[in-house]
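Every number in this text was worked out from the coordinates using simple rules, so none of it is lab data. Source: prediction; values computed, not measured. Every residue, glycine as well, gets a Cβ built from its backbone with ideal geometry; the counts of neighbours run over all protein chains shown.
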Amino acid sequence: MADTKYERFLWPFLRRMDPEAAHLRTLTALALAQSNPVGRAALRRIAGQLPPSPVQIGRLRFPNPLGIAAGFDKDARVVAGLAMLGFGHVEVGTLTPRGQPGNPQPRIFRLPADEAIINRMGFPNEGVAVAVSRLGALPAERDYVVGVSLGKQKDTSLEDAAADYVAVMRAVYPYADYLAVNISSPNTPGLRELQGGRYLEHLLRLVMDENRSLSAAVNEPPKPLWVKIAPDLENDELDGILATLTAVGIDGLIIANTTLSRAGLTDSKQGEAGGLSGRPVRRRSTQLIAHVHR
């Protein structure tokens, strides 16, 4: 029913707007709704009564398998509102130590013929301190999972990238249920180089050491730490990453980020630079999941 209401009432309005403007207005509307009793009741009514379908991943229990990936609520503005809509988890970010504007607009493009979107956002966010002020206002006891996607500044070199990831981790640590190391966005120059070569193990060992140190300081187990990879990896590249993750003790993978591939697209906007998400990514991401599972 929620899908029907969206398609009938919201989508005809939103489709007339610039994609990023539609996104920002949606965030503003959700922020307003979650801030008052009438709005909160409306969000829960839209969600309806969802059947229980919990998912256990390590120590984390997700109330259902449907979540919001990083990129929608970059600055933790509407975590509570999204949970009221029925999402079992919300991943905030990607966050960087300092705020940054991201790439020039326009930077989001709809491809309706392909049921896809291209974005070249470039990690725009208000900085980790702003997000922390909002995460700290969430209830400590909650029935949904909050993750945080960690990133680096655009102007930070790959040699110094680990310090950015560690800085964001330290700031969000008390408020995150899990942490995601984003080394796969195609929209920050050079970032995907962190997926291999001499950078990957160095980065992950420093992040994992910090995870253990922060958890020991509060006498708790380390937070679940996952790495987000690109769908454009070849299987042998993925095998190398898996070997490194296993050696370091990383808990898992998030499969997958956006793709640079444009195979099979028909929409006139297919030539825009950036990462592609949506239906065209499903086949390759499913193949990667199957490969990792084997």
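Of the beta bridges in the chain, as assigned by DSSP with both residues counted there, near 40 percent are antiparallel. Each listed q (0.18 Å⁻¹) maps to a log10 I(q)/I(0) for the range 58-138 from the Debye sum over equal C-alpha point scatterers, namely -0.88.
Taking the average, over residues, of other Cβ atoms within 10 Å as the packing measure, peptides 11-18, 208-215 rank 208-215, 11-18 from highest down. The structure-derived value of Cα extents along the principal axes in Å appears in the list (i) 62, 44, 34; (ii) 50, 48, 38; (iii) 68, 45, 42 under the label (ii). If you sort the three axes of the alpha carbon gyration tensor as a ≥ b ≥ c, you get a/c of 1.5 or more for the range 203-294 and a/b above b/c, which makes it prolate. Computed from phi, the 3J(HN,Hα) profile of the range 235-252 under the Karplus parametrisation 6.51, -1.76, 1.60 (θ = phi - 60°) reads 4, 5, 5, 4, 4, x, 5, 4, 4, 5, 4, 5, 5, 7, x, 5, 6, x Hz, with x in place of Gly and Pro.
The residue list N187, I241, A140 was ranked by how far each Cα lies along the charge dipole of the chain toward its positive end, using unit charges on Cβ atoms, and A140 comes out on top.
Kindly flag which residue pairs out of K154/K223; K74/K223; K154/K228 have an alpha-carbon separation exceeding 24 Å in this structure.
Working: K154/K223 26 Å; K74/K223 20 Å; K154/K228 18 Å.
In this structure, K154/K223 exceed 24 Å between Cα atoms.
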